[in-house]
Structure formats: C-alpha cells, structure tokens
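Participant: So that we are looking at the same thing, I have put the structure below in structure tokens.
The values are calculated or read from the model by the stated rules, or taken from the named source; none is laboratory data. What you see is a predicted model, and the numbers here were worked out from it, not measured in a lab. Note that we place each Cβ from the backbone using ideal geometry, even for glycine, and neighbour counts take in every protein chain shown.
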Amino acid sequence: MKYQLVFTDIDGTLLNKDRELSELTIAEVKRISPIPFVLISSRMPKGMRHLQHQFENITTPLIAYNGGLVLDGDKILHSKVIDNSVLEATINKCVNTNIHLSLFYADEWYVQSMDYWAKREENNTKVTPTIKSHFEVLNDWKTEGKGAHKIMCMGDANEIDVLYKTLESEFSDEIMLYRSKETYIEISHKSISKKTAIEVLLSSIYTHLSMENIIAFGDNYNDIEMLKAVGLGVAVANANNEVLKAAKKVTDTNKNDGVAKFLQQLF
C-alpha cells in the first residue's frame with residue numbers, strides 16, 4: 001500500500017462543530033490502525049493528548065506548536081523556541097494595549113489573568129493556564145534557559161493589526177507570524193513548519209517511509225506547505241481558498257466528518 005502514514009491538523013480539520021471528536025472519526029482512526037495517525041497542530045501537547053487517548057493511540061508521536069516541538073512519548077525529537085529578546089519586545093509592545101498574551105513552552109501555558117480570551121482558549125483546548133505576570137515568566141525562562149515555543153496574541157482586530165505590522169517589520173528574520181483570524185496572531189520561530197516537523201519524524205522514526213507515503217489533512221494557511229509536500233494532501237471543504245488550491249483532494253467539511261469519510265473511502 002502506498003499510503004502508510006497519516007498526519008492531520010486538529011482545529012477546523014479534525015474536530016466537529018463542538019470542537020470534539022465524533023464517534024465516526026474515533027471509529028475510523030481505530031479501524032485503520034496500525035497505520036500511524038499523527039496529530040500535527042499549533043496546540044500545546046497537553047491540548048492534544050486527550051484526543052490520542054480517545055483514539056487509544058497514545059504511542060504515536062505528537063507534533064505541537066506547528067512543528068516547534070516534536071515528541072515521541074516523553075522523548076523530545078526536536079524543539080525550537082523564540083529568542084527571549086523577541087518575547088520581551090512583544091510583551092513591552094502589549095503593555096498599554098488591551099491585547100491578551102498567552103505564553104507557551106512545552107506543556108506550560110501562562111496568562112496574566114483568566115480573561116475572555118484565556119477562558120475561550122481553555123474551553124477550546126481543555127487545558128487550564130497558569131496565572132503569572134508576563135515579566136515574571138520571562139525572567140524565569142531566562143534563568144532556566146527556556147523560551148516560548150509559541151506566543152499567542154488575541155484581541156481587538158485593529159490593535160492586533162498594528163502589533164502584527166510592527167513585529168513583522170522588526171523581527172521578520174527571527175519569527176513567523178500567523179494570523180489564523182483577524183483577532184489572533186500566533187508567533188513561532190522562523191525556521192519551523194509542519195513540513196519540517198514531518199521531516200524530523202521521517203529521519204528519526206519512520207525511516208523506511210518518504211513523503212510520498214504520507215496523507216495529510218488541513219484547513220488553514222499553516223497547512224499549505226505540508227499539503228503540497230506529502231504524497232496526498234487533502235483539504236477539508238471548509239478550508240481557505242489557498243488551501244483548497246494547494247490540496248490534491250478535497251473531502252467534506254470538518255463539521256461533517258470530512259477526515260473520517262476520506263479514510264473510509266481510501267482504506
């Protein structure tokens with residue numbers, strides 16, 4: 001069989017309208033086992049593991065933070081964080097605004113308060129953040145030799161727009177800015193992507209396979225490079241137009257079990 005490895009984005013791709021796994025999706029992932037079914041997302045690992053448990057698929061690697069952290073169980077295969085100088089500048093630029101900042105490292109998630117944005121993200125990912133001042137987190141990370149795998153900025157679209165343009169002009173050589181919605185900016189290290197993370201797994205675990213043996217599912221701009229690189233890139237019907245153009249196939253929407261239906265047809 002040509003296709004022996006499956007990668008899928010989570011939000012907007014795999015989960016239904018309630019941001020849950022449908023019974024059909026769980027059943028299909030179990031049915032195609034032992035084909036590895038790898039979750040690849042901008043989420044933190046803790047926001048993905050409960051989905052693996054529903055699949056009964058906890059031994060499969062995880063790709064978190066859009067490729068910033070690649071895990072095989074407790075083993076770190078790849079990790080790339082944002083330089084703390086960029087983090088410090090981002091914090092300072094948000095001080096006199098209403099922008100919410102979420103700071104992520106591995107399974108650590110820090111917010112300054114449980115505001116509207118923190119509660120919304122908690123509801124979406126089933127993870128509760130730690131409340132701590134941004135500057136305290138920054139100082140701790142400097143001392144501990146850590147940095148942010150992801151910075152998430154959420155707020156008023158106009159303030160987000162100004163922040164995006166400022167960060168892009170100052171740090172475009174160091175960070176990648178991804179605007180999944182007009183009220184969101186997700187920031188990661190410039191060198192990582194979902195494609196580079198897949199390459200890590202091909203070189204370390206699935207060494208007998210190549211990109212041609214892979215199916216990948218996605219819906220948003222950060223999935224385009226991955227969908228183009230693999231043997232069969234599949235977009236859900238609710239994907240952005242650029243994603244639909246980049247994909248080799250299109251399945252039903254995430255709300256209508258598009259990933260599960262495609263797996264049913266293919267296997």
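Participant: Would you tally the residues in region 58-88 being outside any strand (DSSP E or B), in contact with a Ser or Thr (Cβ under 9 Å, 6 or more places away or on another chain), at pLDDT 95 or above and surrounded by fewer than 18 Cβ atoms within 10 Å (Cβ to Cβ)?
Facilitator: Selection size over region 58-88: 0.
Participant: Return only the number of the condition from (1) in contact (Cβ under 8 Å) with a residue 60 or more places away in the chain; (2) crowded, with 18+ Cβ neighbours inside 10 Å; (3) of a type outside the set (Gly, Ala, Ser) that PHE37 does not satisfy.
Facilitator: Result: PHE37 passes all but (1).
Participant: With respect to the numbered conditions (1) charged (D, E, K, R); (2) within 27 Å of GLY73 (Cα to Cα); (3) touching a Gly at 6+ places or on another chain (Cβ under 6 Å), which one is the sole condition not fulfilled by LYS146?
Facilitator: The single condition LYS146 does not satisfy is (3).
Participant: Would you mind telling me which numbered condition in (1) at pLDDT 95 or above; (2) buried (at least 19 other Cβ atoms within 10 Å of the Cβ) GLU199 fails?
Facilitator: (2)
Participant: Let me ask something else. May I ask you to verify whether HIS50 is touching a Gly at 6+ places or on another chain (Cβ under 9 Å) and either part of a strand (DSSP E or B) or surrounded by fewer than 19 Cβ atoms within 10 Å (Cβ to Cβ) (or both)? Before you say what the answer is, go through the steps one by one.
Facilitator: Values: touching a Gly at 6+ places or on another chain (Cβ under 9 Å): no; either part of a strand (DSSP E or B) or surrounded by fewer than 19 Cβ atoms within 10 Å (Cβ to Cβ) (or both): yes.
No; evaluated as a whole, the condition is false for this residue.
Participant: Continuing with this model, one more query. Return the residue satisfying two criteria in turn: it lies in region 21-34 and is modelled with pLDDT of 95 or more and assigned to a loop (DSSP other than H, G, I, E, B), and of such residues it is farthest from SER180 (Cα to Cα).
Facilitator: Only one residue fits best here, namely SER22.
Participant: For the condition buried (at least 18 other Cβ atoms within 10 Å of the Cβ) and touching a residue at least 12 places away in the same chain (Cβ under 8 Å), what is the one hit in ILE175, ILE131? Break it down into steps so the answer makes sense when it comes.
Facilitator: Values: ILE131 fails: buried (at least 18 other Cβ atoms within 10 Å of the Cβ).
Checking each option against the conditions leaves just ILE175.
Participant: Okay, next question. Only one residue in GLY68, GLY73 is touching a His at 6+ places or on another chain (Cβ under 8 Å) and in the same structural domain as THR253 (by TED's automatic domain parsing), so which one is that?
Facilitator: GLY68
Participant: In region 191-242, which residue that is in contact (Cβ under 8 Å) with a residue 40 or more places away in the chain and among the charged types (D, E, K, R) is nearest to LEU266 (Cα to Cα)?
Facilitator: Only one residue tops the list, namely GLU212.
Participant: Find all pairs meeting these conditions: Cβ atoms under 8 angstrom apart; at least six residues apart or on different chains; first residue within region 250-265 and in the same structural domain as SER22 (by TED's automatic domain parsing); second residue aromatic (Phe, Trp, Tyr) and buried (at least 23 other Cβ atoms within 10 Å of the Cβ).
Facilitator: That search, which allows pairs on different chains as well, returns THR251/PHE217; GLY258/PHE217; VAL259/PHE217; PHE262/PHE217.
Participant: I'd like the residue in region 253-267 that is in a loop (DSSP other than H, G, I, E, B) and within 21 Å of the chain's Cα centre (by Cα) and, out of all such residues, is farthest from ASP223 (Cα to Cα). Explain how you work it out, then say what you get.
Facilitator: In the first step, residues of region 253-267 are kept if they are in a loop (DSSP other than H, G, I, E, B); the result is 253, 257, 267.
If we keep only those that are within 21 Å of the chain's Cα centre (by Cα) as well, we get 253, 257.
Working: THR253: 16, ASP257: 18 Å.
Checked region 253-267; the qualifying residue farthest from ASP223 (Cα to Cα) is ASP257.
Participant: A follow-up question, please. Restrict the check to region 238-251 and report whether at least one residue is surrounded by 22 or more Cβ atoms within 10 Å (Cβ to Cβ), of a type outside the set (A, V, I, L, M, F, W, C) and over 30 Å from LEU87 (Cβ atoms). Step through it out loud before you land on a result.
Facilitator: Looking only at region 238-251, we keep the residues that are surrounded by 22 or more Cβ atoms within 10 Å (Cβ to Cβ), and these are 239, 243, 247, 251.
With the extra rule that they be of a type outside the set (A, V, I, L, M, F, W, C), the set shrinks to 251.
Now restrict to residues that are over 30 Å from LEU87 (Cβ atoms): 251.
Within region 238-251, one or more residues are surrounded by 22 or more Cβ atoms within 10 Å (Cβ to Cβ), of a type outside the set (A, V, I, L, M, F, W, C) and over 30 Å from LEU87 (Cβ atoms).
Participant: Same structure again: Condition check: in the same structural domain as ASN158 (by TED's automatic domain parsing), in a helix (DSSP H, G or I) and farther than 25 Å from LYS195 by Cβ. Does ASN92 satisfy that? Break it down into steps so the answer makes sense when it comes.
Facilitator: On the way: in the same structural domain as ASN158 (by TED's automatic domain parsing): yes; in a helix (DSSP H, G or I): yes; farther than 25 Å from LYS195 by Cβ: yes.
Here the answer is yes, as ASN92 does meet what is asked.
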